[in-house]
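Below is one structure; the comments refer to it alone.
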Amino acid sequence: QQVSAALREGRVTPTELCQRCLARIKSTAFLNAYITVTGEAALRQAEEAEERHRRGQPLGVLDGIPIAVKDNFNTAGIETTCASNMLKGYISPYNATVVQKLLDQGAVLLGKTNLDEFAMGSGSTDGIFGPVRNPWSYSRQYKEKSGAKSGSEHEESDWVITGGSSGGSAAAVSAFTCFAALGSDTGGSTRNPAAHCGVVGLKPTYGLISRHGLIPLVNSMDVPGILTRCVDDAAVVLGSLAGHDPKDSTTVQDIFQPFELPNLTDVSKLSIGIPKEYCAPGLSSEIQAVWSKAADLFKDAGAKVVEVSLPHTPYSIVCYHVLCAAEVASNMARFDGLEYGHRSDVNKSTESMYAATRREGFNDVVRGRILSGNYFLLKQNYEDYFVKAQKVRRLIADDFVKVFGSGVDILLTPTTLSDAVPYTEFIKEDNRTRSAQDDILTQAANMAGLPAVNVPAALSGRGLPIGLQFIGRSFQEKQLLTVAKWFEKQVKFPMIQLEEMKRGDHGVLQHQKSASFS
């Protein structure tokens, strides 16, 4: 039973749905997925949606559907922190375009989700509000493999990360607290946590969705991302968000036509590319096996599966980090203690106030990237680092152009090198090292501006999700998601089995799990 249809037919009301999700947020608070929960405002929005449904005049498919938003999108009247002391207490006077579009469609905003500070990280462990816990850490599938019992010391110490930096949004969707969530994706920050949390994570083509109101990390790569429990839902949310925005000059002028995904029955005309360079150092044998099985699945169904080469891929992660640090240094300059955000009490001079504000407001990760970026942008280094990295970026983008020009329709790759690791293991390495490892399979799509989607494919030997990534041609989201939907139907990824659900709203949410609200 699909939620939107249930709302239209009166089998459940938006208020009931909102109350159930808020109760679910409360019962899963230990996951630390949310920074801010807007319960009262959400119930008001749900009541308004209920009145529209009662009159038979819903605003659209999303009217009355509970959603969550990553805490680096501006929301009018609601605190926007970027999980940083620099913006703690900051309340934006306006909504990001994507947030406004969701509200205009009648979506019910439940709250703002947790992340790495200023979205710099791949574990959702480096924000001031603490790390996000992966709901799969508390699943029956993981417990049976790890031998942990509910409430045991082992369970408490062995929980796994969500990935990042949109880990709060991925956990929120995975734990059934909402039906869709917004993330941001600069080098894989939507797809990485989607893979670890067993949900769908879509990074649209650069320029298809407005970045206005998304607090920038890397302007030339940032894209609002979409997290849902099935591919159809991602297509519905995309249809509500895509299109030109006069407030964002990088959005395309062409009118976007929302689409329904067809049920693909014949894949014989498809050409699926398997990039050999994505068999990267550190790729686990389990992920490799799932990737290989997925290729065989397409081949057995009649699709043409070909090995392809993206020769500049080995240079992409270094190139990405140079460009990322350079743009971060530029973007973080706005946080000076004068206009908004944290301001230090040090007042010996303007310069000392600047320095103290940034020392107090930013964590070591953010300060480290600012220092690196400013080093790359120094006059004597500019040509050797920044300009050279831009040239390599063009070569990386050209690799994709050549492959798609050769007749390949979709690229199939792993999303991550392994399944989610325990938090205690993850923090043994620093943020920079982890990001270099975790972004290696995802950041090239950002540098080329291409659409990419993570689809849950299987469970690992530890009972944790493994995701695969599909990369498509620019602005060919319909083809990309159609193929992703076909794959999703073939693999029948299992639903997360959370024991906590049996205490309360299991019956309510069971039918909503994968479920489509379209």
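A few points about this structure:
- Between the C-alpha center of the stretch 335-397 and that of the stretch 252-319 there is a gap of 36 Å.
- Of the accessible area of the stretch 1-77, computed with a 1.4 Å probe over protein heavy atoms only, carbon and sulfur atoms account for 48 percent.
- The chain: proportion of alpha-carbon pairs further apart than 42 angstrom, %: 13 percent
- Solvent exposure of the chain, expressed per residue, is 39 Å² of accessible area, with all protein chains present and a 1.4 angstrom probe.
- Rounded to the nearest 500, the 222 nm mean residue ellipticity of the chain from helices alone is -11500 deg cm²/dmol, with -39,500 (n - 2.57) taken per DSSP H run of at least 4 residues.
- Relative contact order of the chain, defined on C-alpha pairs under 8 angstrom at six or more residues apart (%): 19 percent
- Where Phe259, Phe487 fall by accessible area, highest first, once all protein chains stay in place (1.4 Å): Phe259, Phe487
- Ligands, DNA and RNA excluded, the heavy atoms of Trp159 present near 20 Å² of accessible surface to a 1.4 Å solvent probe.
- Whole-percent carbon and sulfur share, accessible surface of the stretch 79-215, 1.4 Å: 46 percent
- Pairs spanning more than 29 Å between alpha-carbon atoms, out of Lys276/Lys391; Lys26/Lys145; Lys299/Lys388; Lys203/Lys247; Lys247/Lys276: Lys299/Lys388; Lys247/Lys276.
- Here r is the Cβ-Cβ distance between Tyr315 and Val346 and R0 is 45 Å; the resulting FRET efficiency, rounded to 0.05, is 0.60.
- Percent carbon-and-sulfur accessible area, the stretch 235-392, ignoring ligands, DNA and RNA, probe 1.4 Å: 52 percent
- Two-site label geometry, Ile427 and Arg8: point separation in nm, points 7 Å out along Cα→Cβ: 4.8 nm
- Peptides 269-282, 28-41 ranked from most to least packed give 28-41, 269-282, packing being the mean of other C-beta atoms within 10 angstrom over each peptide's residues.
- The modelled label-to-label distance for the pair Lys88/Gln380, using points 7 Å beyond Cα in the direction of Cβ, is 3.9 nm.
- Per residue, the average separation of C-alpha pairs within less than 8 Å and at least 6 apart gives the stretch 263-347 a relative contact order of 34 percent.
- Fully extended contour minus Cα-Cα distance, from Gln490 to Ser285, at 0.36 nm per residue: 71.6 nm
The values are calculated or read from the model by the stated rules, or taken from the named source; none is laboratory data. What you see is a predicted model; the values in this text were computed from it and never measured. Positions of Cβ are generated from backbone atoms using ideal geometry, with glycine treated the same way; all protein chains shown enter the neighbour counts. The accessibility values were calculated without ligands, DNA or RNA, using every heavy atom of the protein model including side chains. Shrake-Rupley method; radii C 1.70, N 1.55, O 1.52, S 1.80 Å.
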